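The values are calculated or read from the model by the stated rules, or taken from the named source; none is laboratory data. Keep in mind the model is a prediction, meaning the values are calculated, not measured. FYI the Cβ positions are ideal-geometry reconstructions off the backbone, even for glycines, and counts take in every protein chain you see.
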Amino acid sequence: MKSGLVYAGSVLMALGGISQAQAADLTISCGAVGAELQLCQAGVERWEARSGHSVEVVSTPNSATERLSLYQQILGSHSGDIDVFQIDVVWPGMLATHLIDLNEHLPKGATDGFFEAIVDNNTVDGQLVAMPWFTDAGVLYYRKDLLEKYNLEVPTTWAALTEAAHTVQAGEREAGHKDFWGYVFQGRAYEGLTVNALEWMASYPEGGTIVDDDGKITVNNPQAAGALSQAAGWINDISPQGVLNYTEEEARGVFQSGNALFMRNWPYAWDLVQSEQSSIRDRVEVAPLPAGGKDGQSAGVLGGWNLAVSRYSDNPDMAADLVAFLTSFDEQKRRAIEGSYNPTLPALYQDEEVLAAVPFFGTLYETFTSAVPRPAAVTGDNYPRVSNAFFNTVHEVLSGRVTADQGLESLEGELERIKRRRW
Amino acid sequence: MTLRTLKGIVLKIGFWVLVAVLMVYAIFPFYYAVVTSLKPSSELFQVSYWVDSVDFSNYAAVLSQPTFLAAIRNSVIVAVSVVLIALLLGLTAAWALGRVRFRGRTTVMMIVLGVSMFPQVAVLSGLFEVIRTLDLYNSPGGLILSYTIFTLPFTVWILTTFMRQLPDELEEAAIVDGASPWVTLTKVFMPLLWPAMATTGLLAFIAAWNEFLFALTFTLTDSQRTVPVAIALISGGSQYELPWGPIMAASVIVTVPLVVLVVIFQRRIVSGLTAGAVKG
Amino acid sequence: MTAQESHDTVSNSSRDQKGDEGAGRPVGAPRRERGTRVRRQRVRAAWLFLTPMLIGLLLVAGWPLLRTFWFSLTDASLSSLEGSQFIGLENYLVFDDGWYGILADSLWWQSVWNTLYFTLVSVSLEAVLGVIVALVLNAHFRGRTLVRAAMLIPWAIPTVVSAKIWAWMLNDQFGIINHMLLGLGLIDAPLSWTADASLSMWAVIIVDVWKATPFVALLVLAALQMLPSDCYEAAKVDGIHPVRVFFRVTLPLITPALLVAIIFRALDALRVFDVIYVLTSNAASTMTMSIYARQQLVEFQDVGYGSAASTLLFMIIALITVVYLYIGRRQLGGGS
């Protein structure tokens, strides 16, 4: 009855026309999605109460590419429609010309205590274009029940992962579980594949980068070729061929329906695979991604989002103050506890209340602090092109249309081509 | 005789099999969307052909969002306005292009067709500037204006072809009576063109109702969004989670009115398009 | 061929039969003394009537299109539109120690080929299926209205949504299509419809055909209902086989309608974007011209290059349209 009234009320409101609230002092775009959006809204409301200004929160497309193009459309026309933007870690280089230098609008020492790597990432030509808000890094999900059943250790190298996947996959299939696979990841030709492939490469000693910090093209090296060949060997062996078109959700779909032993994903999947309706609840654990070999190291690629202020904003100081508030210690702590968003302040990883809420922040601290950045800063405007060339090559290698050596060689040529145009 | 009966039966069975196959091909995806929308999210990754237990929570979730209802209202406003404008401009243009001979007429026709030869994404930023200049950003006006870019061309072309095959005698009589072109158009042609207008109107309505890219780019706040954008922006719990159930529920909610509209207008569409396409 | 001819072929106007050369006269209007005055008045009225539409189109399309042409000759990028410089045709083709530019990009040519292949196959299938559906819907049977309504559903669902429904159904692991095919024993291992390069184009075609067949069917159905029944009577009396009747009598009569449907479909198919974008994103095996242009414009922020791609796309479509109208003009013109 009550809910019926609520519906009727909202219908009437909709039909009667919801008059737009008085023009707000600021407009912020933060988080497209439910829980994230609510968390942001709550934070914004606290700032409103403190500062007495009004803020409108707008929702944007969930897909990062679409969100970026919308931002560019707005910024490109020099419009101040949005004051504060939530931007991906790979965007500062691209959007820098449209963003204010926060150093000039924030008190000195505003970035003290933040992860230095992210602050560096957000500094373009000496200007701090965004404040780190929350971070992200790839992790390995595994089925502890199955590893126990087959008496296997949690793999620390890719070779061990492949072997464990073989054993369990063969065993489970024999036992009648025909759709079972060893490993799922994100293999679609999109930004996520750049992230996955960079994780493979960076886990090998010296295999590391697509482009180094000086802008030199380093992708064509034997270690990288080895990493990619190994990954190509997984397809149709321990990974379904369909993985070549998987994004995060498809991978989670396979893993969460109990059809895979390992999955590479972001920490977001934790809450979902552990939810009450999940068929694998309490049978999952999270570990750092495997290393490339004995001398290698685990490498999760840096993800996460930052807050930036538009150059075309009418109230840049007010907007900067909002940014400072949202990225403050208290606010990040609240977000870590309520939404398990990874803080960008190392101190919070030792905070007891935070650790009680999200235990793996403690065990995976290393992964988050040493996350590998993508070459976005150095390639600037050309990063999307570089990433695109890279993930297309990796996709070709994974589909078996070229060998890793050939692929990387022609990729090197293509990157040279991109470089000579403008970077 | 028996052979013939047998053949008749076989033919009849074959016919119904054909109908069944076509029906399945046409309806199944929609049916599957309905099934999915009635499932709780935990069963999302399991294949099922029908609904075991009906769960309306997705519908409740969608309908309880005031922004979704606002989006429906915006879509109705935009789509209806687009239809009215397209029909008005299309009708006057069709009279000029279909009934009057003048130099430059074919050029006009080709320009109109040429407008629909550009990819949408290419005109996006230019249109964005136009809309900002006219101060129509984040308002239904901007969408109504931009939607004419793809509704006008086919409205004009279809209405022109219709207009052409109306018999000349009608107009001659009007001219003899000294009627002005406007009177001729509204009093003589319009009543005869109702089927054509229903057809093009419906086509324009569906096009405007389903448009996504412009709507996403030219509106900003929830209160101004249209339905396809609202659906695309329905959110899951976190960045990567796809809220499939609510998306399907919302899609079903907005598709049903269109299906009803199509059913109501289908006779009109048929008789309408006929005249335009075939009659010489 | 001139635009005049091409226009006539499609609109199939009655003008040809009238053999009328005068301007401003209603087609076949009486030649009278005051004809000249009326004629002038009508031409004035015609332009008056056209003005709102032309202003509308100019407003929404004029600036964006000119801007695209202009930017295609510059090195503009999204982050610095103002600072762009005129670089002539360098975006299209330039020799600088090797050929560069769109025309030297193998991916562009692949996307041109993909687009043409997609258009040819999907539009052909839509035409054939459309005729079959129309024949079924034209037959008299119980529940015809219901079936007609059902057939139109694919056309009414927003493309953004229907492409997503299909993406879900075509998923290799939990998609219902593979489940069905496996259940029927048609395949022994799940197919990765959208990942396998040899299948993904077909996946896209299946979805597009599903979506657009109703449109073709509708037009053909209209034509079928218009057929003069005396042809059939004659054929029946002569005892000609139904299949022969279809090919000899029905098909030629519905050809004009079919050709009109095909041109509108082809224009859409040549610019296809959303179906493919949702199903396979930017994968090279299904990249079309529109996707290529979008990638340059939006993802790579290269407004100059992307505008050049859009301009080429426009020219290719215009060329195909003109050729099609030229080839089809006899058929289209002979429809009455």
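Is there a residue in segment B:16-32 that is assigned to a helix (DSSP H, G or I), within 14 Å of chain A (Cβ to nearest Cβ) and surrounded by fewer than 21 Cβ atoms within 10 Å (Cβ to Cβ)? Scanning segment B:16-32 turns up no residue that is assigned to a helix (DSSP H, G or I), within 14 Å of chain A (Cβ to nearest Cβ) and surrounded by fewer than 21 Cβ atoms within 10 Å (Cβ to Cβ).
Scanning segment A:259-295 for residues that are of a type in the set (A, V, I, L, M) and more than 10 Å from chain B (Cβ to nearest Cβ) yields A:260, A:261, A:263, A:273, A:280, A:284, A:286, A:287, A:289, A:291. Say whether the condition of being under 23 Å from the mean Cα position of the chain (by Cα), over 30 Å from residue B:23 (Cβ atoms) and not hydrophobic (A, V, I, L, M, F, W, C) is met by at least one residue in segment C:94-110. Within segment C:94-110, one or more residues are under 23 Å from the mean Cα position of the chain (by Cα), over 30 Å from residue B:23 (Cβ atoms) and not hydrophobic (A, V, I, L, M, F, W, C).
Among the residues of segment A:127-134, some residue qualifies, meaning at least one is buried (at least 23 other Cβ atoms within 10 Å of the Cβ), in a loop (DSSP other than H, G, I, E, B) and touching a Ser or Thr at 6+ places or on another chain (Cβ under 8 Å). Checking every residue in segment C:87-105 against the condition of being on the phi < 0 side of the Ramachandran plot, of a type in the set (Phe, Trp, Tyr) and assigned to a helix (DSSP H, G or I) gives zero matches.
Selection over segment B:44-86 of residues that are more than 8 Å from every other protein chain (Cβ to nearest Cβ), over 25 Å from the mean Cα position of the chain (by Cα) and of a type in the set (Ser, Thr, Tyr) gives a count of 3.
Which residues, counting only those in segment C:237-262, are within 14 Å of the chain's Cα centre (by Cα) and at pLDDT 80 or above? C:258, C:262 - these are the residues of segment C:237-262 that are within 14 Å of the chain's Cα centre (by Cα) and at pLDDT 80 or above. Take residue B:125 and tell me if it is buried (at least 24 other Cβ atoms within 10 Å of the Cβ) and at the interface with chain C (Cβ under 7 Å from one of its Cβ atoms). Here the answer is no, as residue B:125 does not meet what is asked. Within the option set C:218, C:224, being within 10 Å of another protein chain (Cβ to nearest Cβ), within 16 Å of the chain's Cα centre (by Cα) and more than 30 Å from residue A:415 (Cβ to Cβ) holds for one residue only, C:218.
Taking the listed residues A:143, A:188, the one that is touching an Asp or Glu at 6+ places or on another chain (Cβ under 9 Å) and under 24 Å from residue A:339 (Cα atoms) is A:143, with no other qualifying.
Against the criterion of being among the β-branched types (Val, Ile, Thr), within 14 Å of chain C (Cβ to nearest Cβ) and assigned to a strand (DSSP E or B), residue A:87 qualifies.
Restricting A:286, A:309, A:323 to those that are surrounded by 18 or more Cβ atoms within 10 Å (Cβ to Cβ) and assigned by TED's automatic domain parsing to the domain that holds residue A:200 reduces the list to A:286. Residues that are within 7 Å of another protein chain (Cβ to nearest Cβ) and in a helix (DSSP H, G or I) were ranked within segment B:91-103; the one that is surrounded by the most Cβ atoms within 10 Å (Cβ to Cβ) is B:93.
The rows are residues; the columns are (1) in contact with a Lys or Arg (Cβ under 7 Å, 6 or more places away or on another chain); (2) among the polar types (S, T, N, Q); (3) surrounded by fewer than 20 Cβ atoms within 10 Å (Cβ to Cβ); (4) not assigned by TED's automatic domain parsing to the domain that holds residue A:114.
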{"site": "A:360", "(1), (2), (3), (4)": "no, no, yes, no"}
{"site": "A:365", "(1), (2), (3), (4)": "no, no, yes, no"}
{"site": "A:386", "(1), (2), (3), (4)": "no, no, no, yes"}
{"site": "A:390", "(1), (2), (3), (4)": "no, no, no, yes"}
{"site": "A:395", "(1), (2), (3), (4)": "no, no, no, yes"}
{"site": "A:398", "(1), (2), (3), (4)": "no, no, no, yes"}
{"site": "A:405", "(1), (2), (3), (4)": "no, no, yes, yes"}
{"site": "A:415", "(1), (2), (3), (4)": "no, no, no, yes"}
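Output the residue which, of all residues in segment C:195-221 that are in a helix (DSSP H, G or I) and not hydrophobic (A, V, I, L, M, F, W, C), is farthest from residue C:127 (Cα to Cα). Selected residue: C:198. In segment C:1-71, counting only helices (runs of 4 or more DSSP H) that sit wholly within it, the ones holding 3 or more residues that are facing chain B (nearest Cβ under 7 Å) and at pLDDT below 50 span C:3-11.
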